[in-house]
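Heads up, the thing below is written out as structure tokens.
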Amino acid sequence: MKKILLVLNYNNFEQTKNFVHDSFLLSFFDYIVIVDNASSNNSYKVLSDFFQKYDNIIVLLSPSNSGYAGGNNFGLKYLNNRFAPNDIVYISNPDVNLNLKALKSINRVILEDENIGLVTTNILNQKSAWRNLRYYKRIFIESYLFRKFFDNEYLKIKYYPELTETKYPVDVVTGAFFAVTLATMVEINGFDDNTFLYMEEDILAHRIQKVNKQSYVLGAEEVKHEGGASTNNVLSEIKRKKILNDSKKYYYQTYLGVTPAKLFLFKVISGFDVCILYLKKFLQGK
């Protein structure tokens, strides 16, 4: 049983290089695979040159920037052709600080349970898991105004309380860092690359539930996530909101099967949120 680290890079070779080097020094992973998502800043060459002397660090170049889901699917396809179904892949952003204790705990838990889905730990600086809410509840509580004025209620409804249990069952696991067997990723057909950014975790949760597997957070362990650096540098808040709305619409249509009337209600609420962001930008003089 091999342990493989899969990391996606886009125009962020310095952080990716440091992350992979630090992860390699943990002496935990059998292989580390970097997927450069068609960066525009020569990342692929920089990373290939830097890691060329390492036999177990592989740098791949995606033919196009297909977003988080598509880039990871490109890497998973490579892994599926070269590794065994029971091998474990650790999928991580390059701005996560891993530690050996957490990695060993995840590995042990996955080996103990053949019906396990995705596994992560508590993650500093962000929520590591959340509830898979029903349609009406989520479109209202995730609206800009609700979150602005009722943030405490939003956190209580959407997120779990502090998780300290060794193995806590959850609905949705963060895409910033989790582990899963290759067999499970094949069974659920990987990520849905019809989304470019956002909602990938909710889609994975839906697919995991369909094959009757359970995802977990290991509450006694933690890793640190710096959080959103590359995305925030490239995309404005309004652009990110529009991409999020598109991904939500796709999720609601494809996985929840909502009616046109329900989609119209979401369009109204999400459109209002975008208008508020434009007003905010105008008032700030940006």
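The values are calculated or read from the model by the stated rules, or taken from the named source; none is laboratory data. In this text the structure is predicted, and so the values were computed from the model without any measurement. Reconstructed Cβ throughout: ideal geometry from the backbone, glycine too, with neighbour counts over all protein chains shown.
Some points to look at:
- Checking each residue in the stretch 78-112 for being closer than 14 Å to Lys2 by Cβ and surrounded by 17 or more Cβ atoms within 10 Å (Cβ to Cβ) picks out Leu79, Asn80, Phe83, Asp87, Ile88, Val89, Tyr90, Leu103, Asn107, Ile110.
- Residues (without any contact (Cβ under 8 Å) to a residue 40 or more places away in the chain and either under 19 Å from Ile188 (Cβ atoms) or surrounded by 16 or more Cβ atoms within 10 Å (Cβ to Cβ) (or both)) located in the stretch 114-141: Glu114, Leu133, Arg138, Ile141
- Flag if Asn115 is more than 29 Å from Lys280 (Cα to Cα), under 18 Å from the mean Cα position of the chain (by Cα) and not assigned by TED's automatic domain parsing to the domain that holds Ile269: no
- Test: Leu47 is within 17 Å of Val223 (Cβ to Cβ) and not β-branched (Val, Ile, Thr): no
- Where strands (runs of 3 or more DSSP E) sit wholly within the stretch 109-194, those with at least 3 residues that are over 30 Å from Thr259 (Cβ atoms) occupy 116-124, 177-181.
- The condition of being touching a residue at least 24 places away in the same chain (Cβ under 8 Å) and among the polar types (S, T, N, Q) holds for only one of Asn11, Asn81, that being Asn11.
- Residue among Val7, Val46 that alone is touching a strand residue (DSSP E or B) at 6+ places or on another chain (Cβ under 6 Å) and crowded, with 16+ Cβ neighbours inside 10 Å: Val7
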